[in-house]
Amino acid sequence: MRIGLVGAGRTGTLHARTLSAHPEVTELIVADADPMRAVEAAAALDATPVPGVRELLELDIHALVVATAPEAQAGLLTAAARHGLPAFCETPLAPDAEGTREVLAEVAAAGTLLQAGFPRRFDAGHAAARDAVRSGRLGRLHTVRALTSAPTPPFTGHAPCPGGLFRHCLVHDIDAVRWVTGREIVSVYATGADGGERETQPDTVAALLTLDDGGLCTLTGTRRNGAGYDMRMELAGERDQIAVGLDVHTPLSSVEPAAPPGVAERAWPGFLDRFGPAYEAQLAAFVRALRGQIPNPCDGRQALAAVLVAESCELSRLTGAPVRPAALDSVPL
């Protein structure tokens, strides 16, 4: 199987290593907006570099993996669909919900496979939490707390896109809440703060999400967490409560006298370090889906559902009012 990869940055390099090591991938072909970066990435993995996307799409490849800046992904996915190519792409698929709908319409018209990248669906902790909820271990789930705290902006050097932290970071928490709980988010009420530095986007945000069974979820995010990368989900039910992301890498110290010492020195530096195995697992699933061995584990509609909630959070932040996200079933594909 010959796979084309567009994007040789942080995430693209991780994807390149994963694909080049996969026994089903006979050749990996790499393109990047910077041709020299593609050459360097390919040389490190015995892959094949090409000067650009046009040259890549002219080759006889079986699928396309997209890991570029968010603003470039929609055009690449549209091109893949028009070439009849299955594609994998990190979320968000497009700069906004309208662009996501357009991508999904192209994919539907072409009848091709599109897998959206939500690595938390392939993370052992999130999978265990999903199983716990569905087994009834927690009883009625009444409270969920989800957070992502990063020490640096998630897309350093890229042009800002609509939605800020909700759109480009917490969209993964939103999908994780939907996937783990099995509930839809029917209302959001959000706010944000910039630490007084007058940034174009808040560096810290929070939202209250109401689930379709009446359960409540608090969602928080920041890119000013000096202790390190912190991602957690806590789920509280009438019988028990559990946590995802609470381990020796959690950059959280207790000031209680009997508490264990803090572990910030072992904190994950960033999301690729925390979710490395999950990123590998989702690409392995993509190859299996290409082979027809499993159904698509996460199609583009899941990405759209999360984006609709993320954009509703941003609208609520701007207006100061609660917002009801559009129902996925009402979205034409």
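The values are calculated or read from the model by the stated rules, or taken from the named source; none is laboratory data. For clarity, every value in this text was computed on a predicted model and none was experimentally measured. Note that we place each Cβ from the backbone using ideal geometry, even for glycine, and neighbour counts take in every protein chain shown. Note: areas computed on protein heavy atoms with side chains; ligands, DNA, RNA excluded. Shrake-Rupley method; radii C 1.70, N 1.55, O 1.52, S 1.80 Å.
With a 1.4 Å probe rolled over the protein heavy atoms of all chains, the accessible area of HIS142, HIS22, HIS15 falls in the order HIS142, HIS22, HIS15, largest first.
Surface exposure of the chain, expressed per residue as accessible area with a 1.4 Å probe, stands at 44 Å².
Scanning the chain for DSSP H helices at least 18 Å long along the axis (C-alpha atoms) with a Kyte-Doolittle mean no lower than -0.5 picks out 70-82, 97-110, 276-290, 300-319. Among LEU93, LEU219, LEU59, the largest mean-square fluctuation in a Gaussian network model of the chain (Cα springs under 10 Å) belongs to LEU59.
One chain, two ends: ALA259 and MET1. Fully extended at 0.36 nm per residue, the span grows by 87.6 nm beyond their Cα-Cα distance.
With one equal scatterer per alpha carbon and no solvent term, the Debye-computed log10 I(q)/I(0) for the chain at 0.06, 0.14 1/Å reads -0.21, -1.16. When the surface is traced with a 1.4 Å probe over the full set of protein chains, TYR189 keeps roughly 120 Å² accessible.
Compared with the alpha-carbon gap, the fully stretched path from ALA128 to ASP273 is longer by 50.2 nm at 0.36 nm per residue. Taking the chain as a Gaussian network of alpha-carbon nodes connected by springs under 10 Å, the highest mean-square fluctuation of the residues GLN201, GLN115, GLN73 belongs to GLN201. Distance between the C-alpha centres of the stretch 266-333 and the stretch 203-221: 16 Å, rounded to the whole angstrom.
Ranked from the most accessible area to the least, with a 1.4 Å probe and all protein chains present, what is the order of ILE294, ILE61? If you can, show how the numbers build up before the last one.
On the way: ILE294 45, ILE61 15 Å².
Result, largest first: ILE294, ILE61.
Convert 25 °C to kelvin, take the viscosity as 0.890 mPa s, use the Kirkwood radius over C-alpha pairs of the stretch 254-324 as Rh, and evaluate the Stokes-Einstein diffusion coefficient in µm²/s, rounded to a whole number. Working shown, then result.
Working: Rh = 16.5 Å.
It diffuses with D of about 148 µm²/s by this estimate.
Accessible area per residue was computed with a 1.4 Å probe on protein heavy atoms; THR220 scores about 60 Å². Summarising the label geometry, the points placed 7 Å from Cα in the beta-carbon direction at THR48 and SER187 lie 5.6 nm from one another.
Please check the chain for the longest run free of GluC sites (Glu not before Pro) that are loop-located per DSSP (anything but H, G, I, E, B) and have at most 11 other Cβ atoms within 10 Å.
Details: sites that count: GLU58, GLU197, GLU238.
Looking at the chain, 59-196 is the longest stretch - no exposed GluC sites (Glu not before Pro) with at most 11 other Cβ atoms within 10 Å.
The equivalent ellipsoid that matches the C-alpha gyration tensor of the stretch 27-169 spans semi-axes of 32, 19, 17 angstrom, in descending order.
Out of VAL323, VAL255, VAL65, any idea which swings most in a Gaussian network model of the chain, alpha carbons joined below 10 Å? Checking each option, the largest mean-square fluctuation is seen for VAL255. Label sites at ARG10 and THR319, each approximated as a point 7 angstrom past Cα along Cα to Cβ, lie 3.3 nm apart. Semi-axes of the equivalent ellipsoid of the stretch 174-332 are 27, 24, 18 Å, computed as sqrt(5λ) over the eigenvalues of the C-alpha gyration tensor in descending order. Overall, the accessible surface of the chain at a probe of 1.4 angstrom is composed of carbon and sulfur to the extent of 54 percent. With a simple spin-label model that places each label point 7 Å from the Cα along the Cα-to-Cβ direction, the separation between ASP212 and ASP34 comes to 4.4 nm. Net length available on complete extension from ASP194 to LEU59 is 44.0 nm, with 0.36 nm assigned per residue and the Cα-Cα distance removed.
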